[in-house]
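All remarks here apply to the structure that follows.
The values are calculated or read from the model by the stated rules, or taken from the named source; none is laboratory data. Small disclaimer: the values here were computed from a predicted structure and weren't measured. No Cβ is skipped: glycine too gets one built from the backbone with ideal geometry, and neighbour counts run over all protein chains shown. Side chains are part of the model used for accessible areas, which takes the heavy atoms of the whole protein and leaves out ligands, DNA and RNA. Shrake-Rupley method; radii C 1.70, N 1.55, O 1.52, S 1.80 Å.
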Amino acid sequence: MKRKFCKLRKVWLLVGLFLLGPTAFAFAEEPTSASNQVAINTVWTLIAAFLVFSMQAGFAMVETGFARAKNAANILMKNLLDFSIGSIAFWLIGFGVMFGADTLGLFGRSGFFLGTGDPSTGDGLWQFAYWMFQVVFAATAATIVSGAMAERTRFPAYLFYSFFISAFIYPVVGHWIWGGGWLASKGMVDFAGSTVVHSVGGWAGLAGATLLGPRLGKYNKDGSSNAIPGHNIPLAGLGVFILWFGWFGFNPGSTTSGTNLSIATIAVTTNLAAAAGAITAMFTIWAQYGKPDTSMTLNGALAGLVAITAPCASVSPLSAIIIGAVAGVLVVLSVQLIDRVLRVDDPVGAISVHGVCGAWGTLSVGLFAQAAYGESSGVGPVNGLFFGGGLSQLFAQLTGVVSVFIWTFATATLVFYAAKKIVGLRASDEEQLRGLDIGEHGMEAYAGFQIFTTE
Amino acid sequence: MKRKFCKLRKVWLLVGLFLLGPTAFAFAEEPTSASNQVAINTVWTLIAAFLVFSMQAGFAMVETGFARAKNAANILMKNLLDFSIGSIAFWLIGFGVMFGADTLGLFGRSGFFLGTGDPSTGDGLWQFAYWMFQVVFAATAATIVSGAMAERTRFPAYLFYSFFISAFIYPVVGHWIWGGGWLASKGMVDFAGSTVVHSVGGWAGLAGATLLGPRLGKYNKDGSSNAIPGHNIPLAGLGVFILWFGWFGFNPGSTTSGTNLSIATIAVTTNLAAAAGAITAMFTIWAQYGKPDTSMTLNGALAGLVAITAPCASVSPLSAIIIGAVAGVLVVLSVQLIDRVLRVDDPVGAISVHGVCGAWGTLSVGLFAQAAYGESSGVGPVNGLFFGGGLSQLFAQLTGVVSVFIWTFATATLVFYAAKKIVGLRASDEEQLRGLDIGEHGMEAYAGFQIFTTE
Amino acid sequence: MKRKFCKLRKVWLLVGLFLLGPTAFAFAEEPTSASNQVAINTVWTLIAAFLVFSMQAGFAMVETGFARAKNAANILMKNLLDFSIGSIAFWLIGFGVMFGADTLGLFGRSGFFLGTGDPSTGDGLWQFAYWMFQVVFAATAATIVSGAMAERTRFPAYLFYSFFISAFIYPVVGHWIWGGGWLASKGMVDFAGSTVVHSVGGWAGLAGATLLGPRLGKYNKDGSSNAIPGHNIPLAGLGVFILWFGWFGFNPGSTTSGTNLSIATIAVTTNLAAAAGAITAMFTIWAQYGKPDTSMTLNGALAGLVAITAPCASVSPLSAIIIGAVAGVLVVLSVQLIDRVLRVDDPVGAISVHGVCGAWGTLSVGLFAQAAYGESSGVGPVNGLFFGGGLSQLFAQLTGVVSVFIWTFATATLVFYAAKKIVGLRASDEEQLRGLDIGEHGMEAYAGFQIFTTE
């Protein structure tokens, strides 16, 4: 009985050891506790990365479901391409900007095109694992934007934007907070990216949606807003379940270590915050309109997940429930405020879910952090305002929230403005009427189905 | 080149060790074989929990696909909310009732709101991992019921029920069998929950569907039954594939140990039983009606999975095929019996799949168990009737099946009866005609599509 | 507080050790670095197998989405049944043919029905893990074919075929390359199965589609081809994301070892090739037709994934991008060639994606392999033509590509011809018009929706 792995081992093990010497611990004949620890951490980090990748499917389904049928193939293409272009851009430039040698606390300047990944050393192999984990985070920030700009953005403009967010906008923020930059020096805590990933996506979406203007027919002459219902709520619901699933890679995986047993605590806080967010969003909309709206409840679960992403490794389960519960109320109010007061048309609620609730979650570290959780997870012995820590942590968090908003909104506006000038940003009214599937891609998403297009 | 994990390690490792002393093995500088084993078990248990979570998406898609388009958003909401409310209820009460200090073999009385989870000790961190694994099981039992009660249940009643099954009904059964209760003392074997999870869900669904009565138009005046076809078979098929995928967390994960190498055997028995169930269900319905019905075949795969859940760690691959094959035939006959003889309207076949096949799977341990498999997996050296074990194990299994049926059917009837009196259980005929999406949630699942509603 | 695992451990650990002696390392009281390494490898291999299983959902969604609504339930059934029948066939016969004791370098002749899996020994338990990993590969090869033969194949013929590909056609090729057969002796490298899995599926699909003839209405009297658009692009897009996700089990998992740290490198090459394939396919079709078609771009991502499957453990990230980029162009040209020149009707492009790009990926090892990568991963110190390795590796790869084409095309033709004679291969024109869902399964996929059937 032959086995692939054993065959390989038998033939190449000795060769490998002979040629490569002590660096080749991937093939150490005798496993040690140290080599096993590295393997556990690598396996955990990769599997977490794969779960985070699955969130691309989740975002694609949520955005597709909340859009109209005539724009479904377009939304899908955006989700596929922002990941594809983002992967190449992050390999080429982004990873180096984010984690390369620090320049004045602002950006990295080495490690481009995975130049630090050397397959013949342990450190080099870890670079590959770490890049894999980071690229799916970069792509998450990128893909959030497609929802806020859905149903009216020209496809070439979206490709243009996708490159820049993954190559520059996101990695700079990542460097500030996770790459040893100036916000890290200030002690800001954003364990898994409420700000780094979600707010960046949300604020870039706000910039894009503002510059684009609303969808044809979204606002009436008297300024009142029309609801434009999504065409496939089951797909949107599936997307939310997939996102929740992927978040178990996003948050617990951010230890990048399976031997850090706080992964268990983080999974629990993540799950409870999501549950609380769904419940409070449901009751909020129920109280307002007399019925528990499915779309808003789905967004409530996401709001809880986004909010717990920064504090997940620093707070207790009870605090996680409170953080998620606040996010669930906040997302409903924010969606209404952005829609009716700011009059920014955000078809899926991405700005509220990711931008606003990302900010709330980041701030919540300054309120709810408890040293016992942070010490165990490696975040450090941080106490928030409610646990005797004073205002200093809250101030560090606020500094991060504000500065990342300014950077992202400014640079994203610049990128979308450039896109507007170079390739054109907004689809024509005629194209919006027929649908972007026909206009941009020359096809239909649901051939054979009888569909009534609105507006 | 900085890495998040290394940065954290460098800064906090020494601090952590200094402050926390020997309990902080999450950050032990020197990994040992013992600390690595704990990490492997924690990583395995968490990843298995994430896979089981994904089954929520699977159930949501199966139930949505098998219902009509006008009730799709409602079904989704139920699936989202039973998990959300269930998570909070299981944190607050359920986990303590299930695994707390035993009271007369009947229920637990400590460990509420994760009071046993202390992030600064290894045992405390394991409590978090273990809770995470258990909460997704509790939620699985809860979510099964929404299928049996689909298309006619008022949403507030379902929320009411969701709390009680996750806080009391399920945890009491769990205590009896997994928490050191009276059925555990009798030697009953239900490795991953054919009875604890699936039959509880199935019997609670039977209680609910009986109290509710059939959907409008399901039965004719002469007592004959009308088939009400599901509206989206591709979604239902997707759901079955997701459930099958998640079951690889459900069954092998129930070792809660990755160093227990029987996880491999359990994966194999799980897969073969599902395959056999799909095949025999298909041929059964084919023989009856001349065509291999897709819906029934999908339920056949689920029937095999439910049946193998109790015996998966005690039987050989060949026995697993037989157990799954029997379940595939059984589910077809049971669906027909419940529909036509008992006249209980179960839109997705949940009572047959989870209740009946869960009972069959539990009994099958008493027939097919082999000591060599049980010793390896940790179930113990149990032999079933067909392998020289006599009738004693079969009797223990039967005791469990019957007592769990009585407990669940009685308490679920009580809960649904209370829901009926307090918030109302059944949607009006008018609401059923228009669909629960409009009636309960004020929205449509498929805006823009031309849909003919039946009945 | 009781825990299931601890309970089991406490009760059975000593019993187990006493009864089983030193072979029972699954329950070794004292974990060692060696026992932990086995556990890490088992956990990794099983989780990878579960990810590969999820590809069944991906294939089902891609094929369903690209077919017409009237054939959706039929496609689903084929995907469910080829996995179910394939699981039983691979257990009964296929695994033994593939990995059993070698006979003249051509096929294996032992290890049928998992006879080598003994739950009381470590080697036996590993056999179960290894079988689980291999069965999902066998089923992938099988399921590819349903796409090429979609919308016109009689269901009983497909069941007939499913058994033979999983029992004989695929395992023989597997033996040649992974089971120590004649191609392995020639030094052919196909790390994760561009040829073993994907080309076998693609060429079997070519044989089937050729024998079947085109769908009713596909070709006009003047020989020109009609596009028949898929009915549900969101489902197809979801399927591609799921497949990409599952490929992270397919390729990195093929180390069958989590302590082989090249799993990180393989994840990176896999991801970059997929991204590159999507991008180049999009630009190719955009250049040809003026619009970036969503369906073709989705196939481009799959083309990149198929191509990188053979070289993933032997090439650099940059080479992976090139290999994927070439595949993205190739798949567009190949789809057009097969459709218009060969006039073989392949509704989902399976022959091009899996057959042609599988061949390209296999050959690319002979061009791009670098010893540093292969040594680290265990493939061995192979250099391709572009890295100073001369033509010998390329020739070994070409030998494999050609011989597998001949074997698969010939045997699959034989099987489909037998199916034609015994149960009938092609659905009648009337059945194709009404749809195979009604004709083969007596049901509709989308009850209640208004659907216009084409042709």
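Can you find a residue that is among the charged types (D, E, K, R) and within 30 Å of C:THR103 (Cβ to Cβ) anywhere in segment C:213-222? There is no residue in segment C:213-222 that is among the charged types (D, E, K, R) and within 30 Å of C:THR103 (Cβ to Cβ). Counting the residues of segment C:245-266 that are among the aromatic types (Phe, Trp, Tyr), open to solvent by less than 10 Å² (accessible area, probe 1.4 Å) and within 7 Å of chain A (Cβ to nearest Cβ) gives 1. Residue check: A:GLN393 meets all listed conditions (1) open to solvent by less than 20 Å² (accessible area, probe 1.4 Å); (2) closer than 22 Å to B:PRO119 by Cβ; (3) part of a helix (DSSP H, G or I); (4) touching a Gly at 6+ places or on another chain (Cβ under 8 Å) but one, namely (1). Among the residues of segment B:171-183, the ones that are assigned to a helix (DSSP H, G or I) and either without any contact (Cβ under 8 Å) to a residue 60 or more places away in the chain or crowded, with 21+ Cβ neighbours inside 10 Å (or both) come to 9 in all.
All of (1) within 9 Å of chain C (Cβ to nearest Cβ); (2) surrounded by fewer than 24 Cβ atoms within 10 Å (Cβ to Cβ) hold for B:ILE322 with one exception: (1). Can you confirm whether segment A:48-62 contains a residue that is in contact with a Lys or Arg (Cβ under 9 Å, 6 or more places away or on another chain), assigned to a helix (DSSP H, G or I) and at pLDDT 50 or above? Looking through segment A:48-62, at least one residue is in contact with a Lys or Arg (Cβ under 9 Å, 6 or more places away or on another chain), assigned to a helix (DSSP H, G or I) and at pLDDT 50 or above. In the condition set (1) assigned to a helix (DSSP H, G or I); (2) touching a residue at least 40 places away in the same chain (Cβ under 8 Å), C:GLY105 is compliant with all but (1). Here is the figure for segment B:199-240: residues that are part of a helix (DSSP H, G or I) and within 14 Å of chain C (Cβ to nearest Cβ) total 8. The residue that is farthest from the other protein chains (Cβ to nearest Cβ), among those in segment A:28-80 that are of a type in the set (Asp, Glu) and open to solvent by 10 Å² or more (accessible area, probe 1.4 Å), is A:GLU29. Screening C:PHE452 with (1) open to solvent by 30 Å² or more (accessible area, probe 1.4 Å); (2) more than 10 Å from every other protein chain (Cβ to nearest Cβ) gives one miss only, at (2).
Cβ separations smaller than 9 Å between residues 6+ apart or across chains give the following pairs from segment A:121-133 residues that are facing another protein chain (nearest Cβ under 7 Å) to residues that are outside any helix (DSSP H, G or I) and among the hydroxyl-bearing types (Ser, Thr, Tyr): A:LEU125/C:SER262; A:PHE128/C:SER262; A:ALA129/A:THR256; A:TYR130/A:THR256; A:TRP131/A:THR116. Report yes if B:THR294 is touching a helix residue (DSSP H, G or I) at 6+ places or on another chain (Cβ under 7 Å), buried (at least 24 other Cβ atoms within 10 Å of the Cβ) and facing another protein chain (nearest Cβ under 7 Å), otherwise no. For B:THR294, the condition - touching a helix residue (DSSP H, G or I) at 6+ places or on another chain (Cβ under 7 Å), buried (at least 24 other Cβ atoms within 10 Å of the Cβ) and facing another protein chain (nearest Cβ under 7 Å) - is met. Residues satisfying the criterion are present in segment A:144-163 (criterion: at positive phi, of a type in the set (Asp, Glu) and away from chain C (no Cβ under 14 Å)).
Is at least one residue of segment B:194-207 open to solvent by 20 Å² or more (accessible area, probe 1.4 Å) and either at pLDDT below 95 or out of contact with any helix residue (DSSP H, G or I) (no Cβ under 7 Å at 6 or more places or on another chain) (or both)? No, that holds for no residue. C:LEU106 meets all of the listed conditions (1) hydrophobic (A, V, I, L, M, F, W, C); (2) more than 13 Å from chain B (Cβ to nearest Cβ); (3) buried (at least 21 other Cβ atoms within 10 Å of the Cβ); (4) farther than 30 Å from C:ALA73 by Cβ but one, namely (3). Only one of the listed residues (B:SER120, B:SER84, B:SER110, B:SER146) is of a type outside the set (A, V, I, L, M, F, W, C) and closer than 22 Å to B:ARG215 by Cβ. That residue is B:SER146. Exactly one residue out of A:ARG3, A:ARG68 is modelled with pLDDT of 95 or more, farther than 27 Å from C:PHE283 by Cβ and of a type in the set (Lys, Arg), and it is A:ARG68. Taking the conditions exactly as written (surrounded by fewer than 24 Cβ atoms within 10 Å (Cβ to Cβ), at the interface with another protein chain (Cβ under 7 Å from one of its Cβ atoms) and touching a helix residue (DSSP H, G or I) at 6+ places or on another chain (Cβ under 6 Å)), does C:LEU114 satisfy them or not? Against the criterion (surrounded by fewer than 24 Cβ atoms within 10 Å (Cβ to Cβ), at the interface with another protein chain (Cβ under 7 Å from one of its Cβ atoms) and touching a helix residue (DSSP H, G or I) at 6+ places or on another chain (Cβ under 6 Å)), C:LEU114 qualifies.
Results for (1) open to solvent by 10 Å² or more (accessible area, probe 1.4 Å); (2) of a type outside the set (Val, Ile, Thr), shown as yes or no for each residue.
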| residue | (1), (2) |
| --- | --- |
| B:GLY122 | yes, yes |
| B:TRP131 | no, yes |
| B:GLN134 | no, yes |
| B:ALA141 | no, yes |
| B:SER146 | no, yes |
| B:GLU151 | no, yes |
| B:ILE169 | no, no |
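Of the residues making up segment A:268-312, those that are over 19 Å from A:ASP190 (Cβ atoms) and either touching a residue at least 60 places away in the same chain (Cβ under 8 Å) or in contact with a strand residue (DSSP E or B) (Cβ under 8 Å, 6 or more places away or on another chain) (or both) are A:THR294, A:SER295, A:LEU298, A:ALA301. Checking each residue of segment A:225-241 against the condition of being open to solvent by less than 20 Å² (accessible area, probe 1.4 Å) and under 30 Å from B:GLY117 (Cα atoms) gives at least one match. Of all residues in segment A:330-349, none satisfies being within 12 Å of another protein chain (Cβ to nearest Cβ), open to solvent by 10 Å² or more (accessible area, probe 1.4 Å) and of a type in the set (A, V, I, L, M, F, W, C).
Each residue in segment B:153-167 was checked for being of a type outside the set (Gly, Ala, Ser), closer than 11 Å to B:ASP82 by Cβ and crowded, with 24+ Cβ neighbours inside 10 Å, and 3 of them qualify. Are any residues in segment B:62-77 over 24 Å from B:GLY300 (Cβ atoms) and among the basic types (Lys, Arg), and if so, which ones? Answer for segment B:62-77, where residues must be over 24 Å from B:GLY300 (Cβ atoms) and among the basic types (Lys, Arg): just B:LYS70. Mind counting the residues in segment A:402-431 that are under 25 Å from C:MET282 (Cβ atoms), assigned to a helix (DSSP H, G or I) and open to solvent by less than 10 Å² (accessible area, probe 1.4 Å)? Total meeting the criteria: 3. Restricting segment C:271-284 to residues that are open to solvent by less than 10 Å² (accessible area, probe 1.4 Å) and of a type in the set (A, V, I, L, M, F, W, C), the residue that is farthest from the chain's Cα centre (by Cα) is C:MET282.
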